[in-house]
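Here the structure is laid out as structure tokens; the discussion comes afterwards.
The values are calculated or read from the model by the stated rules, or taken from the named source; none is laboratory data. Since we're looking at a predicted model, the values are computed, not measured. So basically every Cβ, Gly included, is an ideal-geometry build from the backbone, and we count neighbours across all protein chains shown. Calculation scope for accessible area: heavy atoms of the full protein, side chains included, ligands and nucleic acids excluded. Shrake-Rupley method; radii C 1.70, N 1.55, O 1.52, S 1.80 Å.
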Protein chains: 4
Amino acid sequence: MRTASKLTLDDVKIILEGAQKKATEMSVEMDIAVVDEGGHLLGFYRMDKAKITSIDIAINKAFTAACSRRPTHEYQAVAQPGAPAYGVNMSNQGRFMIVGGGLPITAGDEVVGGIGTSSGKVEQDMAVAQAGIDAFHSYVQK
Amino acid sequence: MRTASKLTLDDVKIILEGAQKKATEMSVEMDIAVVDEGGHLLGFYRMDKAKITSIDIAINKAFTAACSRRPTHEYQAVAQPGAPAYGVNMSNQGRFMIVGGGLPITAGDEVVGGIGTSSGKVEQDMAVAQAGIDAFHSYVQK
Amino acid sequence: MRTASKLTLDDVKIILEGAQKKATEMSVEMDIAVVDEGGHLLGFYRMDKAKITSIDIAINKAFTAACSRRPTHEYQAVAQPGAPAYGVNMSNQGRFMIVGGGLPITAGDEVVGGIGTSSGKVEQDMAVAQAGIDAFHSYVQK
Amino acid sequence: MRTASKLTLDDVKIILEGAQKKATEMSVEMDIAVVDEGGHLLGFYRMDKAKITSIDIAINKAFTAACSRRPTHEYQAVAQPGAPAYGVNMSNQGRFMIVGGGLPITAGDEVVGGIGTSSGKVEQDMAVAQAGIDAFHSYVQK
């Protein structure tokens, strides 16, 4: 047996609110998903004009980041034609997202979940996901 | 053309918080989902000990209630063997839930979404879903 | 944040071996699956004459037991026609197993995973799953 | 009629242990799957820090190698845009893996199964899969 940390719903609300706040500041409305370390949904917000197609994308970015334990944007280069992981995005029933906007949520050196955001440009999605992470770390450090 | 009412993220948080509060009072931890009138996810909370299998169930109860415009428990009787809608729960790729805990969210005589809850006994799920609806109506009337 | 316990691969081999030993004693060859608390596969053995259709069933019994935190056989009664959870086995993309042979794996009062077995009669599946659990608890207590 | 060779669970454990040993030596924790000649799961180990997204990938690399009777990495070149098998990885419901780390398991000139590994760099996955094969051949020759 080994021990691990788990996000609580209180943590999840901090993360979702942090991400929503950043999206509002950037004037882009997003779908924002938080999952546990097994990729299962913990919390979700759809901002009013976020895309419906981005619900699935946000959830699956969070899933991919949590379960591969890497930011989704790091898979862009290795999944390109000619690169060694070309085709990886077809795995996991197509849930493996290689578009930026999915980040692992860590506590110490442990991955405890993932956040995924979608509806904006990739840089916007990445910034909003990062704001969710930052809100969590500020909160935990208190 | 016609006009329709739409839930906002502010409304959704009211509904989720109302449901969570009731579940806490009842000492049962639940998955709580709110969807729009098209059955697409607007918001989701997983309470800390809610079941992982109930994520899918909560979301699909909300989907079924919103898109069929009826509470999910009303389908129990008609979906029994020998009853006229036997087999309906196989439709919609198995997403059609006939277990209680899914309620349409209405504004006037219009269905604007659905709430679905899961992890407790059916009566508990139904009470928590109703508390979400009640919180919404109290808020709207103010 | 909260803390949780996790099964290691060493634990998983103890569980699989304990279940295989019991199946051998009972002269029935089985598919045996162990999953984590999120329902994700940790280990799997197919005994030589175990059924191929039972691979999916064993894995999904383990998934259901871990993620609903209840033995799968406890869902038989409530999922019958006329009972309150009729239709629940259609949820989770049909992965929700209500046939005996899936048991949660616990450490203290915490569910840390699930075991699922299939290929025999239901009582045989249940006995083999229990033997896996027993092997784990004997090992942990040492 | 013809006769065929079949892997036993004893063989499968030799293969899994051989692969796990190599992964441990390389300080990378992996998901390791062994399937029969029909691509159906025979055995599986998840090492403690192996990726959850790699469960599906390891199983499907093993499936692809066994059922196409070729190493998965041999499909990389032919599946590139402009190459003759472009799109092949969409076949078999997306289970056709073209990333290295899947190898057929042979006995004489016969394919009797496949091994698939995932969580490391592609070269690491390939080395761990090969170590599983090597362990099997050493064992069979005794």
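Key figures
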{"quantity": "Odd one out for A:Phe63, checked against (1) farther than 26 Å from B:Ala58 by Cβ; (2) in contact with a helix residue (DSSP H, G or I) (Cβ under 9 Å, 6 or more places away or on another chain); (3) of a type in the set (A, V, I, L, M, F, W, C)", "calculated": "(1)"}
{"quantity": "Unmet criterion (only one of (1) surrounded by fewer than 18 Cβ atoms within 10 Å (Cβ to Cβ); (2) within 21 Å of A:Ser91 (Cβ to Cβ)) for D:Thr24", "calculated": "(2)"}
{"quantity": "Checklist (1) under 9 Å from the mean Cα position of the chain (by Cα); (2) closer than 12 Å to B:Asn60 by Cβ applied to B:Ile105, failing item", "calculated": "(2)"}
{"quantity": "Any hit, the stretch D:61-68, residues being among the charged types (D, E, K, R) and surrounded by 23 or more Cβ atoms within 10 Å (Cβ to Cβ)", "calculated": "yes"}
{"quantity": "For C:Val140: the one exception among (1) over 13 Å from the mean Cα position of the chain (by Cα); (2) buried (at least 18 other Cβ atoms within 10 Å of the Cβ)", "calculated": "(2)"}
{"quantity": "Filtered residues of the stretch A:95-133 (kept if closer than 19 Å to D:Asp48 by Cα and either at pLDDT below 95 or open to solvent by 10 Å² or more (accessible area, probe 1.4 Å) (or both))", "calculated": "A:Pro104, A:Thr106, A:Ala107, A:Gly108, A:Asp109, A:Glu110, A:Val111"}
{"quantity": "Scan of the stretch B:95-135 for residues that are part of a strand (DSSP E or B) and facing chain C (nearest Cβ under 10 Å), ordered by number", "calculated": "B:Ser118"}
{"quantity": "Count of residues meeting criterion [of a type outside the set (Phe, Trp, Tyr) and within 12 Å of the chain's Cα centre (by Cα)] in the stretch A:57-89", "calculated": "16"}
{"quantity": "Test for D:Asp11: is it modelled with pLDDT of 95 or more and in contact with a Gly (Cβ under 9 Å, 6 or more places away or on another chain)", "calculated": "yes"}
{"quantity": "Test for A:Val12: is it assigned to a strand (DSSP E or B), over 24 Å from C:Thr8 (Cβ atoms) and within 14 Å of chain C (Cβ to nearest Cβ)", "calculated": "no"}
{"quantity": "Members of the stretch A:9-57 found to be touching a strand residue (DSSP E or B) at 6+ places or on another chain (Cβ under 6 Å) and among the basic types (Lys, Arg), listed by number", "calculated": "A:Arg46"}
{"quantity": "Some residue of the stretch C:14-27 being farther than 18 Å from C:Ala127 by Cβ, out of contact with any Phe, Trp or Tyr (no Cβ under 9 Å at 6 or more places or on another chain) and not aliphatic (A, V, I, L, M)", "calculated": "no"}
{"quantity": "Qualifying residue in the stretch A:73-95 (condition: among the hydrophobic types (A, V, I, L, M, F, W, C) and closer than 22 Å to A:Leu7 by Cβ)", "calculated": "no"}
{"quantity": "From A:Gly87, A:Gly82, residue being at pLDDT below 95, facing chain D (nearest Cβ under 10 Å) and closer than 25 Å to C:Leu41 by Cβ", "calculated": "A:Gly87"}
{"quantity": "In the stretch B:74-94, the residues that are closer than 21 Å to B:Val35 by Cα and either in a helix (DSSP H, G or I) or open to solvent by 70 Å² or more (accessible area, probe 1.4 Å) (or both)", "calculated": "B:Glu74, B:Tyr75, B:Val88, B:Asn89, B:Met90, B:Asn92, B:Gln93, B:Gly94"}
{"quantity": "Qualifying residues in the stretch B:15-57 (those that are part of a helix (DSSP H, G or I) and basic (Lys, Arg)) - the one farthest from A:Glu29 (Cα to Cα)", "calculated": "B:Lys22"}
{"quantity": "Which numbered condition D:Cys67 fails, given (1) away from chain A (no Cβ under 13 Å); (2) under 26 Å from C:Val12 (Cα atoms); (3) of a type outside the set (D, E, K, R)", "calculated": "(2)"}
{"quantity": "Tally of residues being more than 7 Å from every other protein chain (Cβ to nearest Cβ) and open to solvent by less than 10 Å² (accessible area, probe 1.4 Å) across the stretch D:35-53", "calculated": "3"}
{"quantity": "Unmet requirement for B:Ala58, which otherwise passes all of (1) open to solvent by less than 30 Å² (accessible area, probe 1.4 Å); (2) free of Cβ contacts under 8 Å to residues at least 60 places away in the same chain; (3) not acidic (Asp, Glu)", "calculated": "(2)"}
